[in-house]
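Since every read-out is calculated from the coordinates, none of them should be taken as a lab result. It should be emphasised that the depicted structure is a prediction, and the values quoted were computed from it without experimental measurement. FYI the Cβ positions are ideal-geometry reconstructions off the backbone, even for glycines, and counts take in every protein chain you see.
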Amino acid sequence: MRSAETQAAAIAAMLTAATGNDPRLDETSDRIRVEADLPEGLPSFTRAAVLAALTRAPRYGHDRAAGGDIVWAELDREVQQ
């Protein structure tokens, strides 16, 4: 078993490697959310790497914002398997 903090760090590292951007962490007492900005025009192999990172979390998604696209992954603080 790995802690949510360990899993969040692994997801953040994978997103950094895929996007070249430093992800942001939003932490509460219940969960950890990892968010990363997506550069425009990602090649398909990069999109696949981003998806591989996101699917390590029980909840993940994609938001469109005025400043660009953002992907996120969310983990509960309880121990993940």
Within the chain: Cβ-based charge dipole about Cα centre, in debye rounded to nearest 20 (Lys, Arg +1; Asp, Glu -1): 260 debye
Nearest-ten-degree value, helix 4-19 long axis tilted from longest Cα axis of the chain: 10 degrees
Ratio Rg/Rh [Cα only; Rh per Kirkwood] for region 5-81: 0.96
The chain - mean residue ellipticity at 222 nm from DSSP helices (-39,500 (n - 2.57) per run, n ≥ 4, rounded to 500): -10500 deg cm²/dmol
On Cα atoms only, tilt of 44-54 relative to the major axis of the chain in degrees: 20 degrees
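What's the longest bit of the chain with no exposed GluC sites (Glu not before Pro), using DSSP loop states and at most 11 other Cβ atoms within 10 Å as the test?
Numbers: sites that count: 40, 78.
My reading of the result: 1-39 is the longest stretch.
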